[in-house]
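Working notes for the structure below.
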Amino acid sequence: MREFWVPVATIAWKDLLLELRTKEIVTSVLVFALVAVVVFYFALRPTPQTIGFVAPGVLWVAFTFAGSLVMMRTFVLEKEQGSLEGLMLCPVSRDVLYFGKLISGFLFMLVVEAAILPVFSVLFDAPLLNPALFGVLVLTTLGFASVGTLFSAISVNTRSREIMLPILFFPMVVPVLIAAVAATAIVLDGASQERLGQWLAFSGAFAAIFVTLSALLFGYTLEE
Amino acid sequence: MRAAAAVTLGWVWVALNALSAIYALSKTGLGVMWFAELLVVALLASPGALLVAWGRRRPQRYEEFMQLAKQVLLPITGVMMLLTLSMVFLWVPTDANLGVSQRIFYFHVPLAIMSLLPPFLVSLSSIGYLWRRNEGWDALSLSAVEVGVLFTTLTLATGSIWARPTWGVWWRWDPMLTTFFILWLMYLGYLLLRAYAPSPDQGARYSAVLGIVGSVNSVIVYMATVWWNTQHPEKVVGPAAEAGSLDARMGVALLVAFATFALLFAYVLLERLSLRRDEAQVEVLRAQLEEAR
Amino acid sequence: MRKKKALWLGVLALLALPWVAMWAPHPFTTSTPEGTVSLQSWPDHHLALPTDQAEGEDTKAQANLPFLFAVYTITWIAFFGYAFYLSRRQAELRQEIQALQEEVARRRQQSSQ
Amino acid sequence: MATGTTPKEGIALPPASAGGQRLKLAIAATVLAVAFGYFAFTAFQSAKVYYVTVGDVLAQSPQGQMVRVSGKLAPDSFQRTPGETLALFSLTDGSQALKVQYDGVIPDLFFNPQSDIVAEGANQGNGTFLASAILVKCPSKYVAVQES
């Protein structure tokens, strides 16, 4: 157990340390997401009657875009600085690399989301600072990060990677996005806790499946 | 040895399908779709595995078989097309509720069911490729995806055209429709990924990974959307069908139409496979030319 | 050449058959006192509607015919188009293979001399 | 790194023990089996349909909230001026009826007495339901027309 998690933590810590020093990913993605929220506001112009419909969708679309950017940055940084080869030379199995990258990407996305949430609930006048939303946020973000990390490792090696990642990423996260929007709407409504639990279980199952599958397949994306 | 294992697996699959067909027949008397699936699987699964093994070990026999298969399949498919059309337009009764537009059923349903085959083929052959690194598996999954794009596009188009007179809308975010749409998008992503891959080898590996993850995802998309609502009719054929859900003549016509589209699928897949072989040969020759320079 | 002609005839037959079938007398349905029942005259359940609604609804059977034709036309065109694309691409590749093979042989000969 | 090696063999300084590999695969298989089992389990449960009935709308639907109502067309309730698209009709669940107002294309099957009609829209509060879309659930049976 230890010989698996220690290198995982080391890799994740390396990413976090780099981010703490440069603050490159979190600031840029945060600003991007805020801009997206503002654009959505003017595109949809929600009224007090429609806000309940619009808010969960807008929130999760903004998070999905932000998530794809975070995922893009995690591997592009490695590629640009040539440290991907260094990572691949690490004497650890490839699923260790995957879990390290998954944890750092997951944390970055959570930080961005946590920062947007209060701003969003003020701008859209939606009571989103609800503890029930925490579970939705964590499980959905884990689902995003699980496939995002895998596809990021693929798309970083392709031509026009900025296009390739969203093309692969968005169809893949549709189920978990549906679950997140539905669960957020329930949280806002305050109705039907039973359905909330079902959607949470759904997101959990999605995350479990794709974390496992991606860990198994990750090695095949990094061979030269 | 490997070929033997693959063929055995294929036949196990066929046997399982035969059992389920018998079960379906005993239960409802309408095992049409399961028989049709049996036909398709028998057509594709075990010969498909054989082709992959042959393509590597005995290129000569592979080539001969492909030629023969295409020559046999083409006329049979043509005759079946004519038979299907004559049945659909001359023989089957008109539906009491939907009228003439119900005749779209005989095209739409087989197309839809056939477009569920590529995800299976792609995931199996992708696993095969990652495991064995045999180019044949890669060719099979690429061909299956391309044919899958064709079938999925047609399913979406015919379904949309049918939806207009019956539901009153061209499109609904119904679970079936959404699933097919996402599947279609993932197929396109797969083809783009190959086009943008830096080398053929990397393209094959990446798309194999995508093939596995995407096939799993298409099932989950269906699960997610089914929780919202569905507008599709309940099953009229297969084990879940109620007895008497489908008029007998309609069932027969559906079976024939299904066989036709299965044959079409097989034919187009074989054509695409042999095209892939030529593409590979061109690549090899170009590399040789570079060496000779 | 003859094969190609037969193929095109087959395509034409496939496209034409439903159109002919639609307006031909229906061979398998029983004749009624009013005449042969063809596809266009399937009984109209809309007659159960209030009269102001039934107006305009009785042509619905015919109104749906274009949808039906659109479906099979699109389907066959897509299949034939794809098969045509495959065979043309294959012919191109075969030519290229031949040219490349000759070229490789020529180069080898040159370098061995 | 040599091409063609599997990733696990890449460069393995302390080679992962075979037991460790097997443990990982076992964990992966278990997680996948449990998650897929959960999906399969819910698939059998989710046969419910998520529409509200006419009675629900009349009883509790708040004004202006988007809902989907399912019901059958009340006999003889359909009104539409010839040449116009605005339609008025009632949906019924057998006991109560809901007045619906809808402007748009009406699908063929709408007038079929067996059809389940779904109206998507909002309750206006004045006793009418303003539908933004009308759907007809497909009949789950295909039967030949009776020619007599």
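Summed over the stretch B:96-128, residues that are β-branched (Val, Ile, Thr) and at pLDDT below 80 total 2. Restricting attention to the stretch A:121-159, the residues that are assigned to a helix (DSSP H, G or I), surrounded by fewer than 21 Cβ atoms within 10 Å (Cβ to Cβ) and of a type in the set (Phe, Trp, Tyr) total 1.
Tell me whether the stretch C:80-88 contains one or more residues that are closer than 30 Å to B:MET66 by Cα, within 7 Å of another protein chain (Cβ to nearest Cβ) and at pLDDT below 75. Spell out the reasoning first.
At the first step, the residues of the stretch C:80-88 found to be closer than 30 Å to B:MET66 by Cα are C:80-88.
Next cut, within 7 Å of another protein chain (Cβ to nearest Cβ) only: C:82-83, C:86.
Pick out the ones that are also at pLDDT below 75 and you get none.
No, that holds for no residue.
Within the stretch A:111-120, being hydrophobic (A, V, I, L, M, F, W, C) and surrounded by 21 or more Cβ atoms within 10 Å (Cβ to Cβ) holds for A:VAL112, A:ILE116, A:PHE120.
For A:ALA180, are the conditions met, namely being under 18 Å from A:ALA33 (Cα atoms) and crowded, with 24+ Cβ neighbours inside 10 Å? So that I can check it myself, show each step before the final result.
On the way: under 18 Å from A:ALA33 (Cα atoms): yes; crowded, with 24+ Cβ neighbours inside 10 Å: yes.
In short, yes.
Restricting attention to the stretch D:73-88 and to residues that are more than 14 Å from chain B (Cβ to nearest Cβ) and in a strand (DSSP E or B), the residue that is nearest to B:VAL169 (Cα to Cα) turns out to be D:LEU86. The residues listed here are B:TRP170, B:TRP131; of these, the one that is surrounded by fewer than 19 Cβ atoms within 10 Å (Cβ to Cβ), at pLDDT below 90 and not in a helix (DSSP H, G or I) is B:TRP170. For the criterion of being surrounded by fewer than 20 Cβ atoms within 10 Å (Cβ to Cβ) and assigned to a helix (DSSP H, G or I), B:LEU185 passes. Considering (1) under 19 Å from B:PRO110 (Cα atoms); (2) within 14 Å of chain D (Cβ to nearest Cβ); (3) among the β-branched types (Val, Ile, Thr), say which one B:VAL169 fails and leave the rest. B:VAL169 satisfies every listed condition except (1).
A count restricted to the stretch B:139-171 and to residues that are free of Cβ contacts under 8 Å to residues at least 12 places away in the same chain and closer than 15 Å to B:ARG194 by Cβ stands at 0. Of everything listed in (1) without any contact (Cβ under 8 Å) to a residue 40 or more places away in the chain; (2) assigned to a helix (DSSP H, G or I), the single unmet condition for A:THR47 is (2). Give the residue that is surrounded by the most Cβ atoms within 10 Å (Cβ to Cβ), with candidates limited to residues of the stretch A:58-83 that are more than 18 Å from A:VAL112 (Cβ to Cβ) and touching a residue at least 24 places away in the same chain (Cβ under 8 Å). If we take residues in the stretch A:58-83 being more than 18 Å from A:VAL112 (Cβ to Cβ) and touching a residue at least 24 places away in the same chain (Cβ under 8 Å), then A:GLU78 is surrounded by the most Cβ atoms within 10 Å (Cβ to Cβ).
So is C:SER31 over 30 Å from B:GLN281 (Cα atoms) and either at pLDDT below 85 or surrounded by 12 or more Cβ atoms within 10 Å (Cβ to Cβ) (or both) or not? Taking the combined requirement at face value, the residue satisfies it.
The values are calculated or read from the model by the stated rules, or taken from the named source; none is laboratory data. No experiment lies behind these values; they were computed from the predicted model shown. Cβ sites come from the backbone with ideal geometry, for glycine too, and all protein chains shown count toward neighbours.
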